[in-house]
1. So which of B:30, B:67 is at pLDDT 95 or above, part of a helix (DSSP H, G or I) and over 18 Å from residue B:228 (Cα atoms)?
2. Tally up the residues in the stretch B:109-118 that are touching a residue at least 60 places away in the same chain (Cβ under 8 Å) and loosely packed, with under 14 Cβ neighbours inside 10 Å, please.
3. Please find, within the stretch B:154-165, the residue that is farthest from the chain's Cα centre (by Cα) out of those that are part of a helix (DSSP H, G or I) and within 11 Å of another protein chain (Cβ to nearest Cβ).
4. Output the residues belonging to the stretch A:56-81 that are of a type in the set (Gly, Ala, Ser) and more than 15 Å from residue B:151 (Cα to Cα).
5. May I ask you to say which residue of A:49, A:105 is crowded, with 23+ Cβ neighbours inside 10 Å, of a type in the set (D, E, K, R) and either more than 11 Å from chain B (Cβ to nearest Cβ) or over 15 Å from residue A:161 (Cβ atoms) (or both)?
6. Those residues that are hydrophobic (A, V, I, L, M, F, W, C), surrounded by 12 or more Cβ atoms within 10 Å (Cβ to Cβ) and more than 20 Å from the chain's Cα centre (by Cα), I need them from the stretch A:227-247; list them, please.
7. Can you say whether residue A:114 is more than 11 Å from chain B (Cβ to nearest Cβ), touching a residue at least 24 places away in the same chain (Cβ under 8 Å), farther than 26 Å from residue A:177 by Cβ and touching a helix residue (DSSP H, G or I) at 6+ places or on another chain (Cβ under 9 Å), as far as the supplied structure shows?
8. Can we say residue B:174 is within 11 Å of chain A (Cβ to nearest Cβ) and either under 14 Å from residue B:72 (Cβ atoms) or under 22 Å from the mean Cα position of the chain (by Cα) (or both)?
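The values are calculated or read from the model by the stated rules, or taken from the named source; none is laboratory data. Not measured: the values here are computed from a predicted model. Positions of Cβ are backbone-derived with ideal geometry, glycine not excepted, and every protein chain shown enters the neighbour counts.
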Amino acid sequence: MSVAAAVELQDVGKEFAARDRRVVAVEAIDLVIGHNEFAAILGPSGCGKSTVLNLVAGFERPTRGRVLVDGQPVQAPGPRRGVVFQEAALFPWYTVLDNVTFGPKTRRLAPAAYLPKVESLLDLVGLRGFERHYPAELSGGMKQRVGIARVLVMEPEVLLMDEPFGSLDAQTRSVMQELLLGVWERHQQTVLFVTHDIEEALLLADTVVVMTARPGRVKTRIPVDLPRPRTLETTMSPRFNDLKRRLLALVREESAT
Amino acid sequence: MALPLLLLLLWHVAVTRRWVTEGIIPAPAQVAASWYTWIFGASTQTLSPYSGTWMANVLHSARRVFQGFLLAAAVGIPLGIFIGWNRLVARVVDPSIQLLRPVPITAWLPFAIAVFGIYDASALFLIGLGAFYPIVVNTTHGVRDTNLLLLRAARMLGAGPATVLTKVVFRSALPSIFTGLRLGIGVAWTAVIVAEMIAVKSGLGYVLWDAYYVGRMDICVATMFSVGLLGLISDQVILRVAQLVLRWRALEAHA
């Protein structure tokens with residue numbers, strides 16, 4: 001028997017009931033993501049890429065097909081699949097520290113078991129000294145760092161990121177991309193990263209999955225054979241630009257219709 | 001503070017210049033003097049039956065408001081959370097609340113007296129019922145407004161229903177709950193006056209009605225001021241507690 005894939009979608013479809021009509025968000029998606037693979041899902045807006053992520057997270061159930069994580073069907077959300085949301089979705093009534101320790105506390109772990117890890121994570125994402133701040137006192141980029149730290153502290157098998165840097169300014173976004181590269185190169189987790197930004201997908205991912213316009217299907221899957229460790233310098237290389245040109249053409253085909 | 005002083009002056013002038021019928025509306029100075037005697041006067045030797053009884057009556061009313069309000073919050077907040085959280089509970093309970101809510105507290109008076117008699121229980125029932133509606137309605141709204149992303153985030157971090165309710169839904173509904181509490185304490189002061197006028201024989205409402213019967217309009221007006229003052233103080237207390245508990249929200253407003 002072969003080892004189960006980290007994430008596997010088998011002929012997955014999702015329909016929503018909207019008033020009197022039905023909207024097909026995604027249709028017949030087949031997708032396999034290996035262990036420690038960083039996969040980016042790229043597609044035009046409204047193509048259902050967030051729906052794919054919500055299905056893997058367990059926030060939504062497929063109307064057809066199966067969603068498997070580590071060979072097990074996804075039933076409900078849980079800490080094995082950590083989600084980083086676009087708007088950070090921090091608990092505004094908790095401080096940075098209480099947000100990051102929400103998961104371990106919910107699991108009733110002893111503080112001694114998680115506090116050292118929390119401290120090193122806060123170091124890693126550059127939030128030392130902000131432990132007692134409330135989300136309202138943080139910039140967009142810092143909120144997203146908290147969002148990443150509170151998920152990493154749970155040591156999830158899969159990291160699901162839904163356009164996490166989409167609402168940040170260009171400067172902050174590239175800082176966060178480098179930070180994520182650093183985190184990933186250290187932890188080597190399976191990542192499913194939803195984005196509509198071609199450069200972001202190429203800079204971060206091992207594989208770029210291009211989706212069609214709605215109803216979303218997997219259009220093609222392109223391996224990103226750029227050497228690691230990657231930095232912003234990577235985006236200047238000829239190989240990067242070759243890939244970018246190719247992806248741009250693929251995405252254009254979908255946006256035109 | 002300019003407008004209240006101006007109104008006071010207008011009142012004074014209206015009485016001394018006899019713009020109003022003589023002997024019905026007392027002058028501010030007379031009200032102040034009567035109020036002073038009511039608070040600080042010796043309780044037995046004087047002719048006035050009101051002398052020195054202010055504090056005791058204030059304590060009666062305040063205790064009833066506090067107890068009725070506590071009762072309303074203890075029932076209204078948990079019930080509001082369940083109505084807002086669970087569609088089945090909403091379908092079972094909400095229609096009854098919406099049907100009963102338009103019935104004014106005053107309309108419940110005969111019912112309360114018939115069931116509970118001329119006792120504290122009548123007053124507590126009316127105060128509790130009056131304060132209950134705004135608390136339960138605002139709590140329900142607050143719960144329903146909980147951000148879906150925060151619910152997802154909590155569940156993704158491993159939270160079960162109990163943790164989601166206490167650490168996310170309740171916390172998120174707290175600003176609305178405090179709005180309900182502030183509206184509720186206002187209704188509680190209204191209800192205590194109505195209840196004490198008829199259903200019990202002590203407190204500011206009782207004094208108000210009693211003073212009216214014996215033609216002591218100065219005491220009536222002093223009672224009105226007393227109720228206003230107590231209402232203001234209790235509202236401020238809730239407001240301060242809210243500011244303390246919702247510190248994170250004040251930061252949001254400044255951001």
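1. None of the others qualify; the one that does is B:67.
2. Selection size over the stretch B:109-118: 1.
3. Residue satisfying both the conditions and the ranking: B:156.
4. Answer for the stretch A:56-81, where residues must be of a type in the set (Gly, Ala, Ser) and more than 15 Å from residue B:151 (Cα to Cα): A:65, A:71.
5. A:49
6. Listed by number, the residues that qualify are A:240, A:243.
7. Taking the combined requirement at face value, the residue satisfies it.
8. On the way: within 11 Å of chain A (Cβ to nearest Cβ): yes; either under 14 Å from residue B:72 (Cβ atoms) or under 22 Å from the mean Cα position of the chain (by Cα) (or both): yes.
Spelling it out, residue B:174 is indeed within 11 Å of chain A (Cβ to nearest Cβ) and either under 14 Å from residue B:72 (Cβ atoms) or under 22 Å from the mean Cα position of the chain (by Cα) (or both).
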